Amino acid sequence: MTTKNKIVYLLIASCLPFAACKKVLDQAPRATATKDAVFSNQAGLALYTNSFYTIIPDAATIMRGDAMSDYAARTDVPDFLRPNVYNATQSSGWNWAPLRNINYFLVNNNNPAISDQVRNNYNGIARFFRAYWYFQM
Amino acid sequence: MRKNLPHRFYFPATVLRKHGFHSLFTFLLVFLWTFSVKAQSHLVNGIVTDEGGRPLQAVSVQMKGSNEGTLTDGSGKFSLSVPPNATLTVSFVGYQTQEVEVAGKNNITVQLKVNAAGLNEVVVVGYGTQKKANLTGAVSQVSSEVLENRSLPNLTQGLEGVIPNLNINMQDGKPIQSPSYNVRGTTSIGQGGNALVLIDGVEGNPSLINPNDVASVTVLKDASSAAIYGARGAFGVVLITTKSAKKGKTAVSYSSSYSLKKPTAIPDQVDNGYQYAKMFSEAYSAGSNYTQLPQNINKTQKFSQAYLDAFKEHDANPSLPKIDTNANGEYVYYANTDWYKLLYKDHNFATDQNLSISGSTDKASFYVTGRFYNQEGIFRYNSDNYRMYNFRAKGSIQVSKWLEINNNTSYSSVMYHNPLNVGEGGAIWRNMSDEAHTSAPLLNPDGTLTYSAAYTVGDLYYGKNGIDTSTNLIRNTTSFVARFLNNKLRINGDFTFQGTNNNRTQKRVPVPYSTKPGIINYVGTNTNDLQEQYIKTSYLAANLYGEYETTFGSDHHFKALLGYNFEQSVFKKVQEQRNGLIFPDAQDISLALGQSITTNGGWEQWDILGGFFRFNYDFKSRYLLEVNGRYDGSSKFPTDQQFGFFPSVSAGWRLSKENFWHVSPKAISDVKIRASYGSLGNGNINSYSFLEQLGISQSGRVLNGQRPQLTSAPGVIPNGLTWETSTTKDLGADISFLENRLAFTGDLYNRKTTNMFTVGPTLPDVFGAAVPKGNYADLKTTGWEMNLSWQDQFNAGSKPFNYGITVNAAHYEAVITKYNNPNKNLSDYYVGEKYGEIWGYVTEGYWTADNVSQAAAMNKNISNNSSVWLPGDIKYADLNKDGVISHGNQTVSNPGDLVIIGNETPRYTYGFGLNADWNNFFFAAFFQGRGRTDWYPSPEADAFWGQYNRPYNAALKSQLGHIWTEDNPNAYWPRYRGYVALSGDRELSVPQTKYLQNAAYLRLKNIQFGYNLPQKLISKIKMTNASVYISGENLWVTSPMFKITKHNFDPESIDGSDRVLTNGTNGDAQNYPMLKSVTLGLNITF
């Protein structure tokens, strides 16, 4: 084989990896989970439902929520107690994100690889929190 | 730029071995000033003419291998005494240099040919090179001359200002600072995007390359020249090309430089503790209408009227102790501390050692370089030392007549130590604003740190906290060129792999201090931890392309290029952190035994592949046409959108080649008009932006006794997303005058970025998620850039004096042309907005005793941190005459009293340089700056606001005498109040005309002066070049705002704080200072 031929073969060989190239452009993230990864196993469902608990107020919110009682000293007068300050525009509105989060779970928790019993268990948790959220409205 | 100047000298290895460099250096220096030459006997008379026989004046005639020479007179005549066998070098700007052998003759006639100066210059373009004369796109190139004899921690710092519209915003002076490269201004308000940076044709990191290895830097500005790189070139391409072996024998070059550096600007603070305490007290108590005194100076010092009185006494009587104890046995301080003096060294030292060896034969060549750069930190304690090692080996071999194989290997290693403050986290400058009180010292009498120190410089003094980063890069490119059909057909291929390791260790241990003799407390008690981070990026790239070039008849010249490109990058990160270090000097995570453990991963892969082509046609070098394009695929887009085709076209017309062009080349030598159009997708985006991603994080709630991990609904991704597109139109001209001595290149452009990925139409709250982004916005950037250069020589003392002047300038502005903001809310972009505009009030003046009664009603939306408005507080113009200063509903149609008061986009950026050489001396100076940029200093910008920000911040000397008092009612600064520049709608926090700064500046970026040792001398010891020089970097800067701010900070570091490490929200200008330096250096080649 002449050098020239060798080079030509090398050139052809170096093109081969590119032939199957289209696939290499379909990349999925690994550092974050995809929908499939979360909803295809019980651990994923548990991981997701953990997020529902964050709508339960934390210690500081509970404490501050009652700050107008006399067990804490505030540095300012709450708007609620100032004359002509508290009005309809004062509220920043409801936060609908937790509801969307729950509904997203209910819509996507349909992977047949997980038994109905397990899925229903987590759907139950979701429905409880949805009821709780509406109750808080 | 300097031409014909030898920069390295040759030297026999034996001399070196015997005497070493020191004796060599001394020897050279002695000769430098003492030699003189006059030893010839043979007299040569001659005349130099142009091709038409017209005599040329001031032509340089030099004996080859010596500095003996002369210039021609007005009739083109010269006479020179030389040995009869000498060779004369005849050179003149705009003409080709000629060598003439004397060969015993006494009369010589030399005819010089016109050099199409600069036009034969070869410019690097995508996948090849192009003669400058035939360029049709907007391309700028500079050679290594702009980097020579400068002390540069990394390459990026040397490129600022040298190429018009290559915009590099340095932000601060950290040695690891290497901001992204912007070409031609505003890119995208959606996905963003910067210029693509390629090193030797393959993507690379410019901050890791050896600046001495760089041969040229080329910027492809318009779509037509960048199109061959497809989507990554949407906002320009920067091509860095490394040096190659020179033809001929083996040469060894060594360059060595030593620099002293110091900050360009340090806040000039009131350094008398008593004065500081008094001003603090005044600024603080203004908030209570002067009824209450502060009880503490922030967290670390007690304060009272009694303390202030005692301080006055201590200040007046220096024999009293600076540190006392009170009734409780606690320390009381009466200090005058200049904290910046404790923070920074007077000077820091840097050195750059570079060795290169190159050589070639007909069949093979090699080029090997090594560099060591070391810069001591600027901090007096726990300093931020920076080191960089570079190694590069290039080799080529001509395997057969038609095949050449090349290899290019490089290794870089960068190490940097960044000290940390654990007390409140964040960077040292902000912490100093808050706790480094002039009234408190660094140390107590027993050597322990004071409370103020522990939050600030004391942490550095303790010396245990910091981040150590190390970056290592190994890269190899193997390539071949196969030439067929008498070099008409060339096939090129290359394969590159590159491995980058970014490792980082962060240690935070509590810092001990004492407020009472014998009692030690700690700050930062909740951060006793070690964090290690490992990032590995594996990158590979392959290119295969062929080029065919031919000429039909003698007039039609064709060139075609067709190629294929594949690239892949895989990023992998591991980070772990654990608390509970068993002792403060622990170095390894094995010695962290605490229960707070966090681990993080990270992963990203992208792949791109594409086919590209370029077709060039020119007719008699008169009409030029170029068509470029790339069919591009990227893994960063959804499956149905992965591929895009990006074509472009450009054309040029060399007017001066037309038959009707009868202008003398002595007036106008060359004229070319060119235009281009192209459209590119923006591929500079984050991977997976188009995919639903469910992030995993730790819950804030305790479930079953622990805080579990959680995931939740991803952000909403709308259907039908597609690429952002940038479409560039460019119109340019290249004109040279006066026999090519004066050259002009200018471009007008507009770049439309369309389908930008921005926020969609507002949705009702019940949607329950952030409004999804989509292809909703457009913007248009228009601008221009120009470059003018002049090169000439004249006779000075019978020696040629060569000099050159270059001027470059650029300007752009961007307008939003489409955006989802129908009400034109000012809090967001809106249609018609000029990018960077600043809305604010018009400052009318101060309230006076006569009208201050109206202030409360007028300023009811603005706070002066007190319930009472007093004379000396700021009065704003009530533009809408409604009796109240307000921002209406913050829309364009109802902005209240707000108007556009400025624009923060840098405008009219420029650079200009002068270089000259005469009789082996050389000189160069380069200035750079911007014509205007408006800056409204942010809250916490303590070096601007001083105690108006927080009363316990340092007081500024620049404000003294310019603060409103009843006796000084027209002072620049209002009534002295703390907290009024701190946030929101406060008196000084609201942007307003009076305190808006023009951060334009003019900087002497580099100035250098040096001497090339005479050839006659160094050739005796077989050297080819030797030079010594002194060079200064950033030695002088001026700015219109210095009237107000003095030199408290550098006009280039007014951006958010410490962007390398933090998110920049700790106050504008709270930054690592820019550095100026003086460098002594030596270059030799032997």
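The values are calculated or read from the model by the stated rules, or taken from the named source; none is laboratory data. Note that this is a predicted model, so its numbers are computed, not measured. Cβ atoms come from the backbone with ideal geometry, glycine included; neighbour counts cover every protein chain shown. Surface areas here come from the heavy atoms of the whole protein model, side chains and all, with no ligands, DNA or RNA. Shrake-Rupley method; radii C 1.70, N 1.55, O 1.52, S 1.80 Å.
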Taking all pairs of distinct alpha-carbon atoms in the protein assembly as shown, Kirkwood radius in angstrom:
34.8 Å
Regarding region B:932-1086, what whole-number volume in Å³ per residue does the convex hull of its Cα atoms give?
150 Å³
Minimum 40 Å² accessible area buried by the other protein chains, region B:547-570 residues, probe 1.4 Å, relative to alone
B:Tyr564
The Rg/Rh figure for region B:933-976, Cα atoms and Kirkwood Rh, to two decimals is 1.00
Kirkwood Rh, Cα Rg: Rg to Rh for region B:823-869?
1.15
Based on the Cα gyration tensor of region B:993-1047, what are the three equivalent ellipsoid semi-axes, each the root of five times an eigenvalue, rounded to whole Å and given largest first?
46, 7, 6
Interface area, A with B, accessible, probe 1.4 Å, both sides summed, Å² nearest 100:
3600 Å²
Length gain on complete extension for the stretch B:Tyr908 to B:Val868, per 0.36 nm per residue less the alpha carbon to alpha carbon distance?
10.0 nm
Starting from the residue with the highest accessible area, list B:Thr993, B:Thr72, B:Thr725 in decreasing order, probe 1.4 Å.
B:Thr993, B:Thr725, B:Thr72
Rounded to one decimal in Å, the inverse mean reciprocal Cα-Cα distance for region B:426-566, i.e. its Kirkwood radius, is 20.9 Å
Spelling out what I want: for every residue of region B:626-638, take phi, set θ = phi - 60°, compute 6.51 cos²θ - 1.76 cosθ + 1.60 (Karplus), and round to whole Hz; glycine and proline get x.
9, 10, 10, x, 8, 9, 10, x, 9, 6, 7, 10, x
For B:Lys249, which aspartates and glutamates qualify as cross-link partners when the Cα separation must be under 18 Å and same-chain residues fewer than eight apart are set aside?
B:Asp362
With both bridge residues required to lie in region B:155-271, what share of the DSSP beta bridges run antiparallel, to the nearest 5%?
70 percent
Using 0.36 nm per residue of separation minus the Cα-Cα distance, give me the extension gain between B:Phe372 and B:Thr762 in nm, one decimal.
134.8 nm
Compute the distance from the alpha-carbon center of region B:929-943 to that of region B:369-399, in whole Å.
34 Å
Cα-based Debye curve of chain B sampled at q = 0.08 Å⁻¹ gives log₁₀ I(q)/I(0) of -1.00
Sorted from largest down, give the three principal axis spans of the alpha carbons of region B:232-369, whole angstrom values.
88, 46, 24
Mean 1/r over distinct Cα pairs of region B:326-375, inverted to a Kirkwood Rh in Å, yields 16.9 Å
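Per residue Cα convex hull volume for region B:241-287, in cubic angstrom?
Here the figure is 134 Å³ per residue.
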Just to confirm the filter: which chymotrypsin sites (Phe, Trp or Tyr not before Pro) across region B:651-709 are DSSP coil and have at most 10 other Cβ within 10 angstrom of their Cβ?
B:Phe660
Using alpha carbon positions and the Kirkwood radius, the Rg to Rh ratio of region B:666-789 is 1.31
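Suppose we keep just the DSSP beta bridges with both residues in the protein assembly as shown; what percent of those would be antiparallel, to 5?
Looking only at bridges with both residues in the protein assembly as shown, the antiparallel portion is about 95 percent.
Show B:Asp850, B:Asp734, A:Asp26 ordered by accessible area, largest first, where the area counts protein heavy atoms only and the probe is 1.4 Å.
These residues rank, largest area first, as B:Asp850, A:Asp26, B:Asp734.
R0 = 56 Å: FRET efficiency of B:Phe1042 with B:Thr409, Cβ-based, nearest 0.05?
0.70
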Rounded to a whole number of µm²/s, how large is the Stokes-Einstein D of region B:845-913 at 10 °C and 1.306 mPa s, given Rh as the Kirkwood radius over C-alpha pairs?
111 µm²/s
Given charges of +1 on the Cβ of Lys and Arg and -1 on the Cβ of Asp and Glu, with all other atoms neutral, how large is the dipole of chain B about its Cα centre, in debye to the nearest 20?
3440 debye
How are the Cα pair distances of region B:608-681 distributed, in percent, across 5 Å bins from 0?
3, 14, 18, 14, 12, 10, 8, 7, 5, 4, 3, 1
Per-residue Cβ counts within 10 Å, from other chains only, averaged over B:699-712: what number is that?
5
Okay, which of region B:415-437 sit inside 19 Å, backbone N to the point 7 Å along the Cα-Cβ direction of B:Asn326?
B:435-437
Can you tell which of B:Val82, B:Ser143, B:Leu721 lies farthest toward the positive end of the dipole of the protein assembly as shown, using +1 and -1 charges on the Cβ of basic and acidic side chains (Lys, Arg; Asp, Glu)?
B:Val82
Take the residue pairs B:Lys113/B:Lys657; B:Lys243/B:Lys573; B:Lys860/B:Lys994 and return only those whose Cα atoms are more than 26 Å apart.
B:Lys243/B:Lys573
Ordered by number, the trypsin sites (Lys or Arg not before Pro) in region B:102-171 that occupy a DSSP loop and have at most 12 other Cβ atoms within 10 Å are B:Lys113
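Out of the DSSP beta bridges found with both residues in chain B, what percent are antiparallel (nearest 5)?
95 percent
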Carbon/sulfur fraction of accessible area - chain B, other protein chains in place, 1.4 Å, %:
54 percent
With no solvent and one equal point scatterer per Cα, compute the Debye intensity ratio I(q)/I(0) for region B:313-446 at 0.22 Å⁻¹ and report its log10, rounded to two decimals.
-1.26
Non-local amide H neighbours of B:Asp873 (under 5 Å, H modeled in plane, Pro and chain starts lacking H): which ones?
B:Trp847, B:Arg975
Would you please give the residues with an amide H less than 5 Å from that of B:Asp897, counting only those at least 5 places away or on a separate chain, with H modeled from the backbone geometry?
B:Ser886, B:His887, B:Gly888
Please tell me the relative contact order of chain B in percent, rounded to the nearest whole number, where contacts are Cα pairs under 8 Å and at least six residues apart.
13 percent
Run the reach check for B:Lys780 against lysines, Cα to Cα strictly under 22 Å, same-chain hits fewer than 8 apart removed. What comes back?
B:Lys221, B:Lys729, B:Lys752, B:Lys818, B:Lys824, B:Lys834
In vacuum, with every alpha carbon of region B:288-387 counted as one equal point scatterer, what does the Debye formula give for log10 I(q)/I(0) at q = 0.20, 0.21 Å⁻¹? Two decimals, please.
-1.05, -1.10
